[in-house]
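First comes the structure, then the notes that go with it.
A short reminder: the numbers here are calculations on the coordinates, not readings from a lab. Bear in mind that the values here come from a model prediction, so they are computed numbers and not experimental data. Methodologically, a virtual Cβ is constructed for each residue, glycine included, from the backbone with ideal geometry; neighbour enumeration extends over all protein chains shown.
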């Protein structure tokens, strides 16, 4: 599905700036300016302040109606001299003012202010099959009730070697860590118990103040109270530097902390605040700075944060940043804040263990059963005492047990009741503890995320227990005995439940390379299933690169202690430290021993002991970045190796190749979470196989890295590996390399129209058609219209322009106003550094008044891959789209504006204080947001906000798209405490959703989402790739509307894929091999579906000119296939050769049924493997679900902020 982000609330003014959207990546009317000559500017100010002088220039030159300084960067002007400026300006867009500012001689650099967020993983799979490689599923032994043995205490340090450094008294003593985050809960004894020079948290600054006030955009009065109210910063601080205690120990337990609070009461901040914190940390002379902050999906170098971070690092202060949590989006998805040349970008790995706990079940018979349990991520159980246990023998979604109280517990078999349905089914029962166990023979804790995993700040705790406890309890109850659960202090101790899995890259960890082809991230560290400090003396389990970054920050502190401290003002120090960290990392491997792709793990998992102790090091660049090449090349490089040991060491050289991935399909779409891999690697040769180097000496050798041409360039293979030097003294260092073939990276899709311009709620489309198709008075240009531009971007763009041009326009690029043939650019264009967005780049558009005439619409994008500069001037560099000609009559002012702005002042009254925001959609079967199979179940999420609480009894309606059907009838939406706040009903005839307020949660700025499932009417009518315009609107308030695009496709048109038919009577799994996927042979398909069986005798294969396979007259049997194996829920199908040119192939694997099947989120895991052209082997993993029931609502609980109380005397 491609969704044009939805707006039910239009801006009150037709001239509102397009960038004013709450969902824009930038803050409206805010700019970071670096001054060219600060002393000269100071002389123009009575205050001697260059920022004050610059604000005066803005208004004096007519470029701002009013202006003010948000932040003045004067504390460390040798690092960055400038200001963050608020400017209420007369231009149609912030981009227009930005262009003017770049012309100022007083301006050295200028940037729009980007919104930033914490780097906590927020994706919560509803079951472990959503991302099998990243699930928490594990197999553990049932406890022996007669054994006194405990699982070891949880720690991630054994997988990195940090525990060894601790045993050597390397603990970070004397080192200061600067943490730029949400503050620190320093009252917790493990974080020092106080604030000030005598405590662990020695100082810092709160840039926001302590309250959230929407009228001032979250800003309070800055002060030195950095006490955390979110939890994120406290967790980061605990990972980096928690003092040793009975629960766990941080990486650098004796390090000091300087805490810089850059968040108010939400997990959202902005670049200018973080920039001020960076300067403050620099002036406070910290030794290492941690940034678990950023914006996913970027990877553009040269932004303000990365520039300042590099300048600070050049003075010897280390800056560590999270790589980001966009791993499911595929390659080229970095975090802009982590793209500095000297910044240490950190990805996330698992630890091969999960956090568990121990307790005891006691029967009235006198028998006891010691058991192990896990909890979802979030605040962990912190209770002692006894709980009487109620036993239920059916899963929570269908059971109707009696209510309990906070001193009682209840246990259910898990069954298929997981995720949000489980959460809502159990929350209102009143029990203090809710237990579930897997009632299968897998003995797994698969539902460790019982969801909503990020919201467990309530009184109910959910425990996932080993199956043996469920069996034991059932046995005791059958014998007439009662059971209670006992928890003591040892039940609070986190235990390490070692899994059968190897240490893997976390599914959420963002992938590189960056847009210059450089390796990204640099290294990885534990960031999955991590235990640390939280608010109010509590502990929590979280995941995200937010928490792998502070692990490396702590390790840097250990290294600095081992050196006796950080060298002062040494520009070579950070490059050397960075090189050492990369060279000593241990690469993660796949099952066959091949290195896992480096674009996910960087050089590998940090190796703490090698990082601190190794004396062998390559002195040349630590990474061989061969960049973005348009074809296969051979690269010869000279590398130098230094032996820092006292004695001679003989080094042997070898090549460890990583798995080569295909970055995109031939149609241009970058692959998401699963990238195909090929068995083609770089050819590496050394001019010597070994060399002996004397102590404290260096030697050079020549290395040739040849990139093969055996893989089609249209797939953009990324070749990776490591050059390894193994010393006779046991030391080993390595240089990673990366080379990316960048043939034909597309911004605009060939599969459908790349640009849509919608006219208000009529959803009229200006298309690309024949020269003769002229239309009078295109609705887009009527003065009364509201227009939205939508364009999915297959790749990031350095610059993107949309303009009205003359009918016979001759291309001159880049587009500029005043250029021959350019009538006008749409307001807000051009835009720069746009991340790719398969779900669609959106913009409210307004067209300044133009004379009557015939015109076209032109869109031009400069791809970020390869990293072209914006002065490229040919259509070979730019990708363009030109619309059909249209006629325009200038009667009436042609000013149109679209939606996607939620202006509180306008909407608060109309909807009783409730803002209904832009919905989002995805397939509940494939998790796709594009290429959604028409028969899939759609998951609809409608966010909302309430600025000043709820009025009980208030109702608001949303009319859902007419193309949708099969909604759930009624459900509720809850706040974090579990209290039902909204009652929702959907009329399946009128498609009207009505929400009724049940209670006021006594919060301000309440946020939440109404989430439900539905289907498409007449899905079989969509026989080809289709962009379906859909409309959400409020019937009571006609101006609250939003158009979207639902991207439908029977299957992927360029690469093999899986799809499902979830019919209750004829369920099946389909494998599609599209006609555009050519040159293959011996294509093998492996599919597994747990709990069900295939009807092996009915497996068939068809070929057709239509990918939808809806027209039986164009279908025929495809004979070149065989069933290699098929039994129960596993099958292997082999397609020996491709069909005739232009033919698509579909393999059908029906399920065996004895009657109608109810299929709810049944996971399917498959893989394709075979030979590509040139006899190169490839493999590709895919995942799907079978689902034929409407999803019950599993709306995310709402959150809010304490109501702002203003003293009457203030």
Semi-axes of the equivalent ellipsoid for the stretch 786-835, Cα gyration tensor, largest first, Å: 20, 14, 10
Expected-Rg normalisation [2.2 N^0.38 Å, Cα atoms] applied to the stretch 616-741: 1.21
Theoretical FRET efficiency, 1/(1+(r/R0)^6), r = Cβ-Cβ of residue 654 and residue 743, R0 35 Å, to 0.05: 0.70
Whole-percent pair-distance distribution, where bins are 10 Å wide, for the alpha carbons of the stretch 367-437: 18, 55, 27, 1
Convex hull volume per residue for the stretch 1057-1186, taking Cα atoms only, in Å³: 100
Likely footprinting exposure, 633, 69, fewest C-beta neighbours within 10 Å first: 633, 69
Base-10 log of normalised Debye intensity for the stretch 18-117 (one unit scatterer per alpha-carbon) at q = 0.11, 0.16, 0.19 Å⁻¹: -0.30, -0.63, -0.88
Difference of contour (0.36 nm per residue) and Cα-Cα distance, residue 43 to residue 164: 37.8 nm
Added length on full extension, which subtracts the Cα-Cα distance from 0.36 nm per residue, residue 102 to residue 714: 216.5 nm
926, 490 arranged by Cβ crowding within 10 Å, fewest neighbours leading: 490, 926
Simple label model, 7 Å out from Cα along Cβ direction - residue 954 to residue 368, nm: 5.5
Residue 887-residue 1141 FRET efficiency (beta carbon distance; Förster radius 51 Å; 0.05 resolution): 0.75
Intensity falloff of the stretch 232-313 expressed as log10 I(q)/I(0), Debye formula with alpha-carbon point scatterers, at q = 0.14, 0.22, 0.23, 0.24 Å⁻¹: -0.56, -1.16, -1.21, -1.26
FRET efficiency, 1/(1 + (r/R0)^6) with R0 35 Å, evaluated for residue 246 and residue 570 via beta carbons: 0.30
